[in-house]
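Just below is one structure, and these are the notes that go with it.
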Amino acid sequence: MKTIVFLGDSLEVIRAFPEQVRRQAGFELRRVQHGLDPSDWKPMNIVGVGVREIRVRDSSGAFRILYVASRADAVHVLHAFQKKTQKIAKRELDVAVARLRQVR
C-alpha cells in the first residue's frame, strides 16, 4: 500500500469538506493507495501527465481532489477544492501545476 503525501494545504481543505464528502474522499483515496481507480475520476492532463481528479458530489456541491499516483512510493495529493462553476478556475489549476513541480 502506498503512503499518501498531502501537498500545501490540501489536507486542511479536505478536513474542511462536509462530513459525507470527507468520508467519500477518504474512501476514494484508500482505493488509490491500494492501486485501484476511484469510483468517479477523470484524467487531468491539463495539469500534467498522470494527474487525476477524484470527483465527489453531494447536496452541498461538487468537490475535487487532484492527485498523482504514478510514483511507486506514494500518492501525492496536489490540491483539493470545492467547484463553484462548470469549469475549473484557472487559479485552482495553477496551484496544482505548481505543486506537481514539487513532486517532480
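Tabulated values for the structure
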quantity: Filtered residues of region 61-94 (kept if more than 12 Å from the chain's Cα centre (by Cα), aliphatic (A, V, I, L, M) and farther than 17 Å from N45 by Cβ); calculated: A62, A72, A74, A89
quantity: Qualifying positions in region 31-61 - part of a helix (DSSP H, G or I) and either touching a Cys at 6+ places or on another chain (Cβ under 8 Å) or not charged (D, E, K, R) (or both); calculated: V32, Q33
quantity: Residues of region 62-76 that turn out to be in contact (Cβ under 8 Å) with a residue 24 or more places away in the chain, in a loop (DSSP other than H, G, I, E, B) and among the hydroxyl-bearing types (S, T, Y), as a count; calculated: 0
quantity: Pair list, Cβ under 6 Å, 6 or more apart: region 12-23 residue free of Cβ contacts under 8 Å to residues at least 60 places away in the same chain, other residue open to solvent by 40 Å² or more (accessible area, probe 1.4 Å); calculated: P18/S60; Q20/D58; V21/D58
quantity: Residue list for region 3-12, filter: out of contact with any His (no Cβ under 8 Å at 6 or more places or on another chain) and either assigned to a loop (DSSP other than H, G, I, E, B) or open to solvent by less than 40 Å² (accessible area, probe 1.4 Å) (or both); calculated: D9
quantity: From D40, D58, residue being more than 13 Å from the chain's Cα centre (by Cα) and either open to solvent by less than 70 Å² (accessible area, probe 1.4 Å) or touching a residue at least 60 places away in the same chain (Cβ under 8 Å) (or both); calculated: D58
quantity: Some residue of region 81-88 being open to solvent by less than 20 Å² (accessible area, probe 1.4 Å) and assigned to a strand (DSSP E or B); calculated: yes
quantity: Flag if Q20 is farther than 14 Å from V95 by Cα, in contact with a strand residue (DSSP E or B) (Cβ under 7 Å, 6 or more places away or on another chain), surrounded by 17 or more Cβ atoms within 10 Å (Cβ to Cβ) and polar (S, T, N, Q); calculated: no
quantity: Identity of the residue in region 25-37, hydrophobic (A, V, I, L, M, F, W, C) and in contact (Cβ under 8 Å) with a residue 24 or more places away in the chain, that ends up farthest from Q82 (Cα to Cα); calculated: V32
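Let's see how each residue does on (1) modelled with pLDDT of 95 or more; (2) farther than 21 Å from D9 by Cα; (3) touching a Lys or Arg at 6+ places or on another chain (Cβ under 7 Å):
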| position | (1), (2), (3) |
| --- | --- |
| E28 | yes, no, no |
| R31 | yes, yes, no |
| P38 | yes, yes, yes |
| P43 | yes, yes, yes |
| V51 | yes, no, no |
| D58 | no, yes, no |
| L66 | yes, no, no |
| H76 | yes, no, no |
| F81 | yes, no, yes |
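The values are calculated or read from the model by the stated rules, or taken from the named source; none is laboratory data. All figures in this text were calculated on a predicted structure; none of them were measured in a lab. So basically every Cβ, Gly included, is an ideal-geometry build from the backbone, and we count neighbours across all protein chains shown. These area figures cover heavy atoms from the full protein model, side chains too; ligands, DNA and RNA do not enter into them. Shrake-Rupley method; radii C 1.70, N 1.55, O 1.52, S 1.80 Å.
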